[in-house]
Amino acid sequence: MSASDNRIPFGLKDGRYMDVTAVDSGLACGCVCPSCHKKLQAKKGTKMAHHFSHDPSQDHEGCRSAFETAVHKMAKQILSEEGVFVVPSLSVTERKKRGQAHYTIHKQDSCK
Ligand SMILES: [Zn+2]
């Protein structure tokens, strides 16, 4: 699995960043990669969380930052349109096991 195969959470369609839940499945989604602007397909199967991936018929090997760019651009779109960006309240616990750090993320019910 190369870096360009990472699951992409948001696609770009007609100048807007779109969540995968808001578009049709497959190439019918009409989205392009927020980073390299090549075609995306919306993968809305039953085994994995829904996401976008590059159209496998197009060369996208040079695209290394699709995930990061998609999240960054969607955050900017939300801030620009809503004026606020709310994230769930989380706490992270670090445990060392055999010299390696392991992290557990706990979602909290409400923001404090
Ligand atoms: Zn790309």
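The values are calculated or read from the model by the stated rules, or taken from the named source; none is laboratory data. All figures in this text were calculated on a predicted structure; none of them were measured in a lab. Ideal geometry is used to build each Cβ from the backbone, glycine not excepted, and the neighbour counts take in all protein chains shown.
Within the range 36-47, can one find any residue that is part of a loop (DSSP other than H, G, I, E, B), under 22 Å from GLU81 (Cβ atoms), free of Cβ contacts under 8 Å to residues at least 40 places away in the same chain and more than 15 Å from the ligand (Cβ to nearest atom)? No - not one qualifying residue is present in the range 36-47.
Give the residue that is modelled with the lowest pLDDT, with candidates limited to residues of the range 1-28 that are within 14 Å of the ligand (Cβ to nearest atom) and surrounded by 20 or more Cβ atoms within 10 Å (Cβ to Cβ). So the residue we want is SER4. Contact annotation: residue pairs with Cβ atoms under 8 Å, 6 or more positions apart or on different chains, pairing a residue in the range 60-82 that is in contact (Cβ under 8 Å) with a residue 12 or more places away in the chain with a partner that is in a helix (DSSP H, G or I) and surrounded by fewer than 16 Cβ atoms within 10 Å (Cβ to Cβ), are ARG64/ALA3. Taking the criterion of being over 14 Å from ARG7 (Cβ atoms) and basic (Lys, Arg), the residues of the range 20-79 that qualify are LYS38, LYS39, ARG64, LYS73, LYS76. Filter the range 36-77 for residues that are farther than 14 Å from LEU12 by Cα and among the hydrophobic types (A, V, I, L, M, F, W, C) and give the result. The answer is MET48, ALA49, CYS63.
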